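Beneath this line is the structure, given in structure tokens, with notes to follow.
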Amino acid sequence: MKLIIVSPEKTVYSGGAVAVAVPGTKGAFEVLDNHAPIISSLQPGVVTVKTEDETLEFEIKSGFIEVACNEVSLCVEQ
């Protein structure tokens, strides 16, 4: 799936992902291929991105996630 993570200052990550784990305000959850559409707010914590080759972690203070049609967008404050 396609993933983009942006902050007010820069694009934090743009590329492919196999899984994305986020700290939702109602509880942590993971997004996989063909996930149902969702929009959720994020609380302070770690966003974990699994790609074909590596696992990346990004510390966030807050943000939002939108998932639709195998495209995941995160707008975060770091």
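The values are calculated or read from the model by the stated rules, or taken from the named source; none is laboratory data. The shown structure was predicted, so the numbers you read here are calculated from the model rather than taken from an experiment. Positions of Cβ are backbone-derived with ideal geometry, glycine not excepted, and every protein chain shown enters the neighbour counts. Areas reflect the complete protein model, heavy atoms only, side chains present, ligands, DNA and RNA absent. Shrake-Rupley method; radii C 1.70, N 1.55, O 1.52, S 1.80 Å.
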Per DSSP, the loop-located GluC sites (Glu not before Pro) within segment 28-61 having at most 13 other beta carbons within 10 Å are Glu52, Glu54
With 0.36 nm assigned to each residue of separation and the Cα-Cα distance removed, Ser62 to Gln78 gains 5.0 nm
So the carbon and sulfur contribution to the accessible area of the chain, 1.4 Å probe, in percent, is 52
Restricting to Cα pairs under 8 Å and 6 or more apart, the percent relative contact order of the chain works out to 33
For segment 35-78, the per residue accessible area (1.4 Å probe, Å²) is 61
For the chain, listing trypsin sites (Lys or Arg not before Pro) in a DSSP loop whose Cβ sees at most 12 other Cβ atoms within 10 Å gives Lys10, Lys26, Lys61
